[in-house]
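Worksheet: the structure to be examined is printed underneath.
Every number here is computed from the coordinates shown, using simple stated rules; none is lab data. This is a predicted model, so every value here is computed, not measured. Cβ placement follows ideal geometry from the backbone for every residue including glycine, while neighbour counts extend to all protein chains displayed.
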Amino acid sequence: MVVVGLLVTVVVTSEGWPNVRETFFDWDDFVASFPAVLDGFWLDIKLFVVVEAAVLVLGLVIALARISRAPALFPLRLLSAIFVDVLRGVPTILVVYLIGFGIPALMLSGLPTDPVVLGGIALTLAYSAYVGEVYRAGIQSVHSSQRAAALAIGLTENQATRFVVLPQAIRRVAPPLLNDFISLQKDVALVSILGPLEAYRVAQIEAASNFIYTPLVAAALLYLCVTVPLARLLDHWERRRR
Amino acid sequence: MQRFVLLRVIALLSGGAAACGSDDGGEEQPAAAPTEESGAAGTVPATDSCEPGQLPLLREGTLIVGTDKPAYPPYFEDDDPTNGKGFESAVAYAVADELGLPADKVEWAVVPFNASFAPGPKKFDFDINQISISKKRAERVDFSNPYYTAPQAVVALKDSPAASASSLGELADAKLGVQVGTTSLDAVTELIAPTTQPQVFNDSNDTVRALKGKRVDAIVVDLPTAFYLTAAEVPEAKITGQFDAPGGDDWGLVLAKDSELTECVNLALDALESSGELDEITDKWMGGQAGAPELR
């Protein structure tokens, strides 16, 4: 507390503070820009929910492909390994940029050109790579005797995965999954580079037209409104598991 | 309109104060500038310091000019502000020359638009980057007097319906693209009021790429940019027409708030304007703009 108090004192008494306060924390500017930023934030929320659902499915598919053992599925294992390596290794902003500007430039009919859809696809691909690895870790943490026991009582391989391994695996990785979703919730702002008016972009427009940063602070608060409850949920969840 | 009138008055007053000082030739300084003038400008004009050698510069004897990178034609050529080619490069060197600083005393700093108005110490003496003057912005930075007034232009792909629009109203159904932080965005939302939200891009490159990729039907840019784009970058597009931005669009040099250099820069711009040099520079780099039809 003392350290925080000292820090606050140093900041508030610094020479540049009045300037910073006017630029970043002006109440009138905040009130003026908030409705527009909130409007943009709805797009973030919608995109987040849809992408999250898609990531949960695609990530699981990738994880299952990576841990498959049938020799005939080797190409699938190879592909999913490459997919994870590439998409996890490239900064998310570049994935968004390359897909968002690259796909429409192909001029192929039938491909989406809507920037929100393209951005959603890019985020889904990037996050599926991470989430696939989380799932995989979860699945591999389930002791092999579980599967052996399932097979022994007469379940098929698929049934053993579906009813014995996955339920345990997913419960174990729920906290890291939620952690990735907090991260995704912030990264939906990256879609702004493709043109849609989501919260960050709206804030940036307000900031640039008036030479103030308060709208960006307003946008930051909105993100916190979603990510902080998510983080508390995560904590609660982990406590209950112990 | 009110805000622009007010701004002009401020600019005139501060410019006037500076002009009085320079008549004294530097030997005799006015004891103090008349209070009403200094009050209106929000600064104490230190006109004596406009003499070469006494300029209030970041680094003595060197003028540091900021602009964004990449720097686009017709404002800069070859992405190289130091070559003196292009409208804003030429204006910057002309201002430097008026301030008594030859070209080899001018240095350029890369200043992204969003950094030009960040609080705290600036890394440039002035920034020249097609920045529009507004009263609200002037609360955070100093603007020089305007050195250019830019009309807006609609650039549309030749095969899109937007290309044949003859009024702003006909563009309401078009998918429009603009660059973030530009007057063009205000022009779109206030004057065209499109039925679908405009798409807003990070920089000029992305805006043009969206047009080329047919992600948007048309883009709105400053008229000189439109001439450059249709001539060099996007030959498959044409200028649908030009129109005035809401409240006019005057470009000014950006300086730190209450900078002592603002007076000197205004003095230099006034001199360039009255000698006709500013007009010459404008014609040389921004000329040939009569051909675009007016949109109403």
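Cα-Cα over 31 Å: which of B:LYS175/B:LYS257; B:LYS212/B:LYS284; A:LYS186/B:LYS238; B:LYS123/B:LYS214; B:LYS136/B:LYS212; B:LYS105/B:LYS212?
In this structure, B:LYS175/B:LYS257; A:LYS186/B:LYS238; B:LYS123/B:LYS214; B:LYS136/B:LYS212; B:LYS105/B:LYS212 lie more than 31 Å apart at Cα.
In nm, to one decimal, how far is the B:THR82 label point from the A:ASP39 one, both placed 7 Å along Cα→Cβ?
Here the modelled spin labels are 4.6 nm apart.
What order do you get for A:ILE170, A:ILE153 when you list them from fewest to most C-beta neighbours inside 10 Å?
Arranged by neighbour count, lowest to highest, A:ILE170, A:ILE153 become A:ILE153, A:ILE170.
Which angle from 0 to 90°, rounded to the nearest 10, does the C-alpha axis of helix A:115-141 make with the longest principal axis of chain A?
The two axes meet at around 50 degrees.
Name the residues whose placed amide hydrogens come within less than 5 Å of the amide hydrogen of B:ALA172, ignoring near sequence neighbours (fewer than 5 apart) on the same chain.
none
Would you mind computing, in nm to one decimal, how far apart the modelled labels at A:SER141 and B:VAL110 are, each placed 7 Å from Cα along Cα→Cβ?
Going by the 7 Å Cα→Cβ label model, 4.3 nm.
Expressed in nm to one decimal, what extension gain is obtained for the pair A:ILE82 and A:SER14 from 0.36 nm per residue of sequence separation less their Cα-Cα distance?
Gain in length upon complete extension: 19.3 nm.
Which residue fluctuates the most in chain A, going by a Gaussian network model with Cα springs under 10 Å, if the choices are A:GLY132, A:GLY89, A:GLY59?
Highest fluctuation of the listed residues: A:GLY89.
First select every other residue whose beta carbon is under 13 angstrom from the beta carbon of A:GLY120; then total the charges, Lys and Arg +1, Asp and Glu -1.
With Lys, Arg at +1 and Asp, Glu at -1, the neighbours total -4.
Within 10 Å of each Cβ in A:207-218, how many Cβ atoms from other chains are there, averaged over the peptide?
5
Just to be sure I understand: of the beta bridges DSSP finds with both ends in the protein assembly as shown, what percent are antiparallel, rounded to 5?
60 percent
Please compute the modelled spin-label separation between A:ALA148 and A:ARG69, points set 7 Å along Cα→Cβ, answer in nm with one decimal.
Placing both labels 7 Å beyond Cα along the Cβ direction yields 1.1 nm.
Using 0.36 nm per residue of separation minus the Cα-Cα distance, give me the extension gain between B:LYS135 and B:LYS214 in nm, one decimal.
Gain on stretching B:LYS135 to B:LYS214: 24.8 nm.
Under the rule of at least 5 residues apart or a separate chain, name every residue whose amide H is placed under 5 Å from the amide H of B:SER259.
B:ASP142
At R0 = 51 Å, how high is the FRET efficiency between A:LEU56 and A:LEU7 if r is their beta carbon distance? Nearest 0.05 is fine.
E between A:LEU56 and A:LEU7, to the nearest 0.05, is 0.80.
Does segment B:163-210 come out rounded, prolate or oblate by the C-alpha gyration tensor, with a ≥ b ≥ c the root eigenvalues, rounded set by a/c under 1.5 and, if not, prolate when a/b is larger than b/c and oblate if not?
Prolate, because a/c is 1.5 or more and a/b exceeds b/c.
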